[in-house]
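A.B. asks: Let me begin by handing over the structure; questions about it come next.
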Amino acid sequence: VQLQASGGGLVQAGGSLRLSCAASGSIFAIDVMGWYRQAPGKQRELVARIVSGGSTNYPDSVKGRFTISRDIAKNTVYLQMNSLKPEDTAVYYCNIAGWGRTYFDYWGQGTQVTVSS
């Protein structure tokens with residue numbers, strides 16, 4: 001299973017970006033899809049997560065501004081980020097877990113999001 005993330009970039013504060021992450025390979029079913037971020041000198045933190053039943057969760061820092069969604073047929077997860085702030089600047093990683101020949105849990109390569117003030 002391979003993950004391919006895209007959509008990062010440079011944006012001004014208040015702007016929007018949409019990240020996407022597609023999983024390919026031998027996939028029977030997806031269990032959990034999520035986005036994490038890591039800023040310089042900080043630990044990686046959860047940004048958004050969606051489970052197989054469709055429930056989502058977000059930390060307070062992004063709630064109301066970020067939205068996670070998915071296209072099950074395409075094994076793709078999206079992160080719509082609105083009202084971006086300079087403190088959202090980080091490398092964003094997608095994480096997808098599920099069942100192929102065995103249970104898998106993989107990370108995407110990371111995509112840089114930079115928000116200028």
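A.B. asks: In whole percent, how big is the carbon plus sulfur part of the accessible area of the chain, probe 1.4 Å, protein atoms only?
C.D. replies: Roughly 48 percent of what the probe reaches on the chain is carbon or sulfur.
A.B. asks: According to a simple spin-label model (label point 7 Å from Cα along Cα-to-Cβ), what is the distance in nm between GLU87 and TYR106?
C.D. replies: The modelled label-to-label distance comes out at 3.4 nm.
A.B. asks: Can I ask one more? Within straight cross-link reach of LYS74, meaning Cα distance under 28 Å, which lysines are found once same-chain residues fewer than 8 apart are removed?
C.D. replies: LYS63
A.B. asks: What residue among GLY53, GLY64, GLY15 has the largest mean-square fluctuation in a Gaussian network model of the chain, using Cα springs under 10 Å?
C.D. replies: GLY53
A.B. asks: Please identify, among ASP60, ASP31, ASP88, the residue showing maximal mean-square fluctuation in a Gaussian network model of the chain using a 10 angstrom Cα cutoff.
C.D. replies: The residue with the greatest mean-square fluctuation here is ASP60.
A.B. asks: Where only protein heavy atoms count, and the probe is 1.4 Å, what is the accessible area per residue for the chain in Å²?
C.D. replies: Per residue, the chain has 53 Å² of solvent-accessible surface.
A.B. asks: Still on this structure, I have one more. Have a look at THR102, THR67, THR76 and tell me which one the Gaussian network model of the chain (Cα, springs below 10 Å) gives the largest fluctuation.
C.D. replies: THR102
The values are calculated or read from the model by the stated rules, or taken from the named source; none is laboratory data. All values derive from a computational prediction rather than experimental measurement. For neighbour counting, all protein chains shown are included, and Cβ atoms are generated from backbone atoms with ideal geometry for every residue, glycine included. Accessible surface areas use protein heavy atoms only, side chains included; no ligands, DNA or RNA. Shrake-Rupley method; radii C 1.70, N 1.55, O 1.52, S 1.80 Å.
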